[in-house]
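These notes concern the structure reproduced below.
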Amino acid sequence: MRDHTASGPVGTGAAPRRSGAQWTGRMLRDLWDWVARRPLRLPETERAVPHSASLRTVVLIFTASDVVVALLIDGKLPPAGRAVHLLWVVFSVTLTLGFCAMTIRAPHLLDDTSLRLRTGPFRALTLPRTALASVSVAHRSVPWYGLRRALDSDEEVACSVGSSTQLVIELKEPVRVSFRKGRSVLARKVYAAADDPAAAARLINRWAAEGAQP
């Protein structure tokens, strides 16, 4: 793979994998804050870009359907099996709602130095402000979820909760992206998701241009 710059690739702050205890604790905190309708408070230097609303809608619809089916099944179970079945339903609903809460309370973030693409329950990717060239709207499907390679190029990666992405982030300097498994890559293009892709692209482009001013 080529490195197109003389100065070498820019490093990233890819979030490390969380332990099971850390993941569960984060999920329960986000779920509690979401249920309690606590506003997400950010420092004045940070701006949020929401994402994954359409995916949450689909997940919640399937969850509601599963609850209805579970109630129908529960009426046909013997008394001894109902308690176990109820525990399973509570666990499943908690996990699903917790997943949704983690995506709501982990929007993408812009600060003075970087764009942080976040995926809630999965890993995040930090892109230096100085490395961004442009952001455009383009709908694409990149299989799998979280931080991953694009299948057809070693210079393209995706960072989103689901396979659907709406933003294409072009980089003027290659950014080294490390994965949990396999070798790292030098990315020149990043695919991400946003609830309002056009507004997100305008915001990020304006933010990058402001950072480029002397």
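The values are calculated or read from the model by the stated rules, or taken from the named source; none is laboratory data. In this text the structure is predicted, and so the values were computed from the model without any measurement. So basically every Cβ, Gly included, is an ideal-geometry build from the backbone, and we count neighbours across all protein chains shown. Calculation scope for accessible area: heavy atoms of the full protein, side chains included, ligands and nucleic acids excluded. Shrake-Rupley method; radii C 1.70, N 1.55, O 1.52, S 1.80 Å.
Is it the case, given these coordinates, that ASP66 is touching a residue at least 60 places away in the same chain (Cβ under 8 Å) and either in a helix (DSSP H, G or I) or under 29 Å from ARG18 (Cα atoms) (or both)? Let's see the steps before the verdict.
Working: touching a residue at least 60 places away in the same chain (Cβ under 8 Å): no; either in a helix (DSSP H, G or I) or under 29 Å from ARG18 (Cα atoms) (or both): yes.
Judged against the criteria, ASP66 is not a match.
Which pairs do you get when a residue that is farther than 30 Å from ALA131 by Cα, found in region 13-39, comes within reach of a residue that is open to solvent by less than 50 Å² (accessible area, probe 1.4 Å) and modelled with pLDDT of 85 or more, reach meaning Cβ atoms under 6 angstrom, with the pair 6+ apart or on two chains?
MET27/GLY98; MET27/MET102; ASP30/ALA101; ASP30/MET102; ASP30/ARG105; LEU31/GLY98; LEU31/ALA101; TRP34/ALA101
Just give me the residues in region 128-174 being part of a loop (DSSP other than H, G, I, E, B), surrounded by fewer than 18 Cβ atoms within 10 Å (Cβ to Cβ) and of a type in the set (A, V, I, L, M, F, W, C), in sequence order.
Within region 128-174, TRP144, LEU151 qualify.
In region 54-63, what count of residues is obtained for those that are open to solvent by 50 Å² or more (accessible area, probe 1.4 Å) and either hydroxyl-bearing (Ser, Thr, Tyr) or outside any helix (DSSP H, G or I) (or both)?
First, pick out the residues of region 54-63 that are open to solvent by 50 Å² or more (accessible area, probe 1.4 Å): 54-55, 57-58, 60-62.
Narrowing further to those that are either hydroxyl-bearing (Ser, Thr, Tyr) or outside any helix (DSSP H, G or I) (or both): 54, 57.
Final tally of qualifying residues: 2.
Regarding ARG29, is this residue over 28 Å from SER163 (Cβ atoms) and either loosely packed, with under 10 Cβ neighbours inside 10 Å or at pLDDT 95 or above (or both)? Show your work before the answer.
Numbers: over 28 Å from SER163 (Cβ atoms): no; either loosely packed, with under 10 Cβ neighbours inside 10 Å or at pLDDT 95 or above (or both): yes.
No.
Quick check: anything in region 44-53 under 20 Å from the mean Cα position of the chain (by Cα), surrounded by fewer than 20 Cβ atoms within 10 Å (Cβ to Cβ) and in a helix (DSSP H, G or I)? Before you say what the answer is, go through the steps one by one.
Taking region 44-53 first, the residues under 20 Å from the mean Cα position of the chain (by Cα) are 46-53.
Now restrict to residues that are surrounded by fewer than 20 Cβ atoms within 10 Å (Cβ to Cβ): 46-48, 50, 53.
Going one step further and asking which of them are in a helix (DSSP H, G or I), we end up with 53.
Yes - at least one qualifying residue is present in region 44-53.
Which of the residues belonging to region 175-187 are open to solvent by less than 60 Å² (accessible area, probe 1.4 Å), in contact (Cβ under 8 Å) with a residue 40 or more places away in the chain and not in a loop (DSSP other than H, G, I, E, B)?
Correct list: VAL175, VAL177, VAL185, LEU186.
Is one or more of the residues making up region 96-109 within 10 Å of the chain's Cα centre (by Cα) and without any contact (Cβ under 8 Å) to a residue 60 or more places away in the chain?
So in region 96-109, the residues within 10 Å of the chain's Cα centre (by Cα) come out as 102-104, 106-108.
This time we only want the ones that are without any contact (Cβ under 8 Å) to a residue 60 or more places away in the chain, so: 103.
Yes, because at least one residue in region 96-109 is within 10 Å of the chain's Cα centre (by Cα) and without any contact (Cβ under 8 Å) to a residue 60 or more places away in the chain.
Could you list, in sequence order, all residues of region 79-103 that are farther than 17 Å from VAL67 by Cα and either among the acidic types (Asp, Glu) or open to solvent by 80 Å² or more (accessible area, probe 1.4 Å) (or both)?
PRO79, ALA80
Looking at region 114-124, is at least one residue surrounded by fewer than 16 Cβ atoms within 10 Å (Cβ to Cβ), in contact (Cβ under 8 Å) with a residue 12 or more places away in the chain and in contact with a helix residue (DSSP H, G or I) (Cβ under 9 Å, 6 or more places away or on another chain)?
First, pick out the residues of region 114-124 that are surrounded by fewer than 16 Cβ atoms within 10 Å (Cβ to Cβ): none.
No, region 114-124 has no match at all.
Look through region 104-113, keep the residues that are part of a loop (DSSP other than H, G, I, E, B) and within 17 Å of VAL161 (Cβ to Cβ), and return whichever of them is most open to solvent (accessible area, probe 1.4 Å). Full working, then the answer.
Here is the first cut: in region 104-113, the residues part of a loop (DSSP other than H, G, I, E, B) are 105-107, 111-113.
From what is left, the residues that are within 17 Å of VAL161 (Cβ to Cβ) are 105-107.
Numbers: ARG105: 38, ALA106: 12, PRO107: 7 Å².
Among those residues, the one meeting the criterion is ARG105.
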